[in-house]
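The next block holds one structure in the form of structure tokens; read it before the comments.
The values are calculated or read from the model by the stated rules, or taken from the named source; none is laboratory data. What you are looking at is a predicted structure, and each value in this text was computed from that prediction instead of being measured. For neighbour counting, all protein chains shown are included, and Cβ atoms are generated from backbone atoms with ideal geometry for every residue, glycine included.
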């Protein structure tokens with residue numbers, strides 16, 4: 001049989017314009033096991049996060065059964081189509097220790113950073129995705145990418161430090177332009193021409209860094225620390241310029257999509273869902289084109305203001321003002337919002353699971369970590385905050401399980417995720433949130 005190149009792509013014309021279409025990841029491009037490219041290059045592992053706001057209604061969210069084949073109570077019934085791809089974690093706790101319980105803040109900060117914040121402005125440590133990006137993100141154009149379905153650039157669960165929040169993309173059109181605009185290098189193009197603008201920028205930056213090295217030798221320890229923090233960003237720019245001046249490896253699954261329409265502002269649940277699905281599809285193609293291997297998706301903020309047609313209270317207001325129905329045993333409108341979030345979680349997981357890669361899917365080569373900010377939002381509870389994961393991290397994780405944490409630290413999942421991504425850490429988290437215990441039930 002004629003040997004096919006991984007660089008092979010289809011050509012044609014449409015309305016007089018040239019069209020190129022990357023081939024899918026065919027078996028012929030892979031080794032005999034379908035676990036790597038034929039030249040031995042491994043299929044990369046990815047790490048993603050997903051978040052929703054305002055927790056759950058425990059009586060109709062937490063399954064009665066643990067382990068495989070767990071039941072799906074009505075609030076998570078939408079997960080039936082992805083149950084085999086996910087794990088659900090309940091009865092894991094967040095501990096505030098000597099810090100206050102900061103409403104809609106303490107929960108997600110601890111689960112993402114391992115440290116209880118002392119004030120609402122306090123973002124201690126760094127979030128998991130930042131730590132993982134240092135491990136996985138140096139070979140890609142973007143060390144990490146974040147996107148939000150809320151339309152608000154302030155909604156982010158990702159930060160490098162207290163004053164360095166990673167702002168998400170909030171507009172589908174802006175996100176597309178960032179991914180596939182003039183600086184995009186098509187990995188499947190037959191030719192590669194380095195951008196002379198990048199060459200000039202890199203040359204100038206190198207000169208600045210040479211001066212910076214000299215300056216660091218002339219100042220005190222405190223100033224050296226400040227300069228190091230400042231020039232870390234410059235070194236990352238230098239890395240990105242190097243990548244832009246090097247022809248990227250082919251990625252047969254990479255297909256440049258048409259530019260999406262932009263959406264109006266607003267937080268109507270249908271509009272948020274549409275924005276979430278557009279952002280998910282763009283993020284998926286960014287991953288397939290190997291522009292990033294670490295990515296964050298925010299469906300709703302901690303103070304979620306999503307609105308329901310025909311109901312006068314947005315999600316956050318409903319959690320506090322809606323009474324618990326005496327017959328149902330939960331807040332029906334509040335639950336409606338959570339069910340919509342679970343529908344979008346299912347869409348996100350399915351999008352990854354249906355994208356073929358190697359002998360499996362893109363999801364098989366990823367580990368997705370999903371969290372919220374409260375357990376029972378009406379009273380700002382942070383004990384028993386539910387969490388999810390999706391994907392097998394290259395076959396190293398079992399899925400389809402419900403795990404009861406029996407009151408152990410929720411940071412165990414974050415610790416497990418970081419270990420799976422290759423971080424050499426013995427423990428993670430502060431004080432009562434500290435753990436050196438992986439969630440062994442999910443590990444192969």
Checked against (1) in a helix (DSSP H, G or I); (2) surrounded by 23 or more Cβ atoms within 10 Å (Cβ to Cβ); (3) touching a residue at least 24 places away in the same chain (Cβ under 8 Å), residue 109 satisfies every condition except (3)
Looking at the structure I just gave you, is residue 422 more than 15 Å from the chain's Cα centre (by Cα), crowded, with 17+ Cβ neighbours inside 10 Å and in contact (Cβ under 8 Å) with a residue 40 or more places away in the chain? no
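Looking at region 50-59, can you tell me whether even one residue there is assigned to a helix (DSSP H, G or I) and over 15 Å from residue 339 (Cβ atoms)?
Within region 50-59, none of the residues are assigned to a helix (DSSP H, G or I) and over 15 Å from residue 339 (Cβ atoms).
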May I ask you to verify whether residue 425 is under 21 Å from residue 64 (Cα atoms) and at pLDDT 95 or above? no
Do we find that residue 255 is surrounded by fewer than 19 Cβ atoms within 10 Å (Cβ to Cβ), modelled with pLDDT under 95 and touching a strand residue (DSSP E or B) at 6+ places or on another chain (Cβ under 8 Å) in this structure? yes
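Against the condition surrounded by fewer than 21 Cβ atoms within 10 Å (Cβ to Cβ), at negative phi and either in the same structural domain as residue 265 (by TED's automatic domain parsing) or modelled with pLDDT of 75 or more (or both), how does residue 135 come out, does it pass?
yes
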Which numbered condition residue 385 misses (of (1) buried (at least 22 other Cβ atoms within 10 Å of the Cβ); (2) more than 20 Å from the chain's Cα centre (by Cα)): (2)
With (1) within 18 Å of residue 410 (Cα to Cα); (2) buried (at least 19 other Cβ atoms within 10 Å of the Cβ); (3) in contact with a helix residue (DSSP H, G or I) (Cβ under 7 Å, 6 or more places away or on another chain) as the list, and residue 124 as the residue in question, which single condition is left unmet? (2)
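One line per residue, one yes/no per condition, for (1) farther than 17 Å from residue 129 by Cα; (2) part of a loop (DSSP other than H, G, I, E, B):
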| position | (1), (2) |
| --- | --- |
| 392 | yes, yes |
| 395 | yes, yes |
| 403 | yes, no |
| 406 | yes, yes |
| 412 | no, no |
| 418 | no, no |
| 422 | no, yes |
| 425 | no, yes |
| 437 | yes, yes |
